[in-house]
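S.K.: Would you mind keeping the following structure in view while I ask a few things?
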Amino acid sequence: LGELCVWMYGSKRQSRPPVVQTQSPDLWHLNDVLKSREATAALRDDNDLENAYQISRPQNAVFEEALLRAKRDLTRARGTLTTGYDGSEELLRIAGDVADLADDVYREMERKRRPPRKRKTTE
């Protein structure tokens, strides 16, 4: 109970600010964090509600949101390419790294999507 009060209200004695800054979303995030041992341990370690909340979330939701965010960000980058890219070699290398990561994610998704092959049994 003491920890919960510190997370909600902070502690001047411990010099810890509250992790709940805005009531509604932060309280829901704290609720989700407290349902996960790993996320609760992370909150104890670094007093970072957002980090602990991300740990508490289902991995499929995190994956889907990250993929959709990457698509939006790449769409924005593509839209500003003509006027925003100055020919920088470093940015070109970064784009190559992004392309490699995208290919890797796609290949792994394809691999997971394919049904496993059945082995032939000999009698």
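S.K.: Return P(r) of region 2-56 (all Cα-Cα pairs; 5 Å bins starting at 0; whole %; ordered from short to long distances).
M.R.: Once binned at 5 Å, the Cα pair distances of region 2-56 give 4, 23, 36, 24, 11, 2.
S.K.: How far, in degrees from 0 to 90, does helix 59-79 lean away from the longest principal axis of the Cα atoms of the chain, to the nearest 10?
M.R.: 60 degrees
S.K.: Compute for the chain: radius of gyration divided by Kirkwood radius, i.e. Rg/Rh, restricted to C-alpha atoms, rounded to two decimals. Before the final figure, lay out each step's value.
M.R.: Numbers: Rg = 22.0 Å, Rh = 18.6 Å.
Computed over Cα atoms, the ratio is 1.18.
S.K.: OK, next. Could you give me D for region 59-113, from Stokes-Einstein at 20 °C and 1.002 mPa s, where the hydrodynamic radius is the Kirkwood radius over C-alpha pairs? Units µm² s⁻¹, please.
M.R.: Working: Rh = 12.7 Å.
Result for D is 168 µm²/s.
S.K.: Output the relative contact order of the chain, whole-number percent, from Cα pairs under 8 angstrom with separation of 6+ residues. Kindly include the intermediate steps, with their values, before the conclusion.
M.R.: Values: 62 pairs, mean separation 14.5, N = 123.
Reported as a whole number, the value is 12 percent.
S.K.: Related question: Name the residues whose placed amide hydrogens come within less than 5 Å of the amide hydrogen of R57, ignoring near sequence neighbours (fewer than 5 apart) on the same chain.
M.R.: So R57 has HN proximity to no qualifying residue.
S.K.: In region 18-123, which chymotrypsin sites (Phe, Trp or Tyr not before Pro) are in a loop and have at most 14 other Cβ atoms within 10 Å, using DSSP for the loop call? Working shown, then result.
M.R.: Details: sites: W28, Y53, F63, Y85, Y106; in loops: Y85.
Filter output for region 18-123: Y85.
S.K.: Once phi is turned into θ = phi - 60°, what whole-Hz ³J(HN,Hα) does the Karplus curve with 6.51, -1.76 and 1.60 give for every residue of region 48-54, x standing for Gly and Pro?
M.R.: 10, 5, 4, 4, 5, 4, 4
S.K.: Loop-only trypsin sites (Lys or Arg not before Pro) in region 1-85, please: DSSP not H, G, I, E or B, and at most 12 other Cβ atoms within 10 Å.
M.R.: On the way: sites: K12, R13, K35, R37, R44, R69, K71, R72, R76, R78; in loops: K12, R13, K35.
Those satisfying the criteria are K12, R13, K35.
S.K.: Under 5 Å between amide H atoms, partner at least 5 residues away or on a different chain: which partners does R16 have, H built in plane at 1.01 Å?
M.R.: Counting only residues 5 or more places away or on other chains, the set is S11.
S.K.: Would you mind pulling out the separation of the Cα centroids of region 22-38 and region 54-123, in Å?
M.R.: So the separation of the two Cα centres works out to 29 Å.
S.K.: Summing -39500 (n - 2.57) over the DSSP H runs of n ≥ 4 in the chain and dividing by its residue number, what mean residue ellipticity at 222 nm do you reach, to the nearest 500 deg cm²/dmol? Don't skip to the end; give the middle numbers.
M.R.: Numbers: 7 runs with 88 residues, N = 123.
So the calculated ellipticity at 222 nm is -22500 deg cm²/dmol.
S.K.: Compute the long axis of helix 23-34 from its Cα atoms, compare it with the longest principal axis of the Cα atoms of the chain, and write down the angle in degrees, 0 to 90, nearest 10.
M.R.: Orientation of helix 23-34: about 80 degrees from the principal axis.
S.K.: Round to the nearest 10 and give me the degree value, 0 to 90, for the angle of helix 89-113's Cα axis relative to the longest principal axis of the chain.
M.R.: It is inclined by approximately 90 degrees.
Since every read-out is calculated from the coordinates, none of them should be taken as a lab result. Computed from a predicted model, the values in this text were never measured in an experiment. Don't worry about glycine lacking a Cβ; one is built from the backbone with ideal geometry, like all the others, and counts go over all protein chains shown.
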